[in-house]
Amino acid sequence: MSDTIAPAFADPAKYDLYDCKQLEPERKSLAARTAELQGLMTKAETGVAGPVVAEMAYRNDYIALRGQSKLADEAWQKNRCQDSKPEAKAAAPIAPAPAKGKRSKVSGAAN
């Protein structure tokens, strides 16, 4: 599929007002969905009428997603966005174990 055809199936102004924080999860979501559709198309093509089923069931969604991905990537570049670094989760401080030793006797208690 041509990269010039794919954007024709997507709204060209959809990502114009998105900032980098909005674009990052959107791009990841589009990539995941595109990969999912590609997998479904590949799986469908293994059947008897697979290529026809793949084209009929998945191709239009796949083309639209590719167009949206291209437009989101263009907005990403236009905004000069950079991937955020994964946040390192701070490890919770470990409390020291209680000291093992003699128990204090409670007055008046029989042992």
Projected area of segment 9-50, taken from the Cα convex hull and averaged over every viewing direction, in nm²?
3.6
Give, as a single signed number, the net charge of other residues whose beta carbon lies under 13 Å from the beta carbon of residue 64, with Lys and Arg counted +1 and Asp and Glu -1.
+3
P(r) of segment 12-90 in 5 Å steps, Cα pairs, percent per bin?
3, 15, 21, 17, 13, 11, 9, 7, 3, 1, 0
By the mean-Cβ-within-10 Å protection proxy, highest first, 67-73, 34-40 rank as 67-73, 34-40
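Read-outs: derived from the displayed coordinates by stated rules, not from any lab. Owing to the predicted nature of the structure, the values given are computational and were not obtained by experimental measurement. Note that each Cβ is placed from the backbone with ideal geometry, even for glycine, and that neighbours are counted across all protein chains shown.
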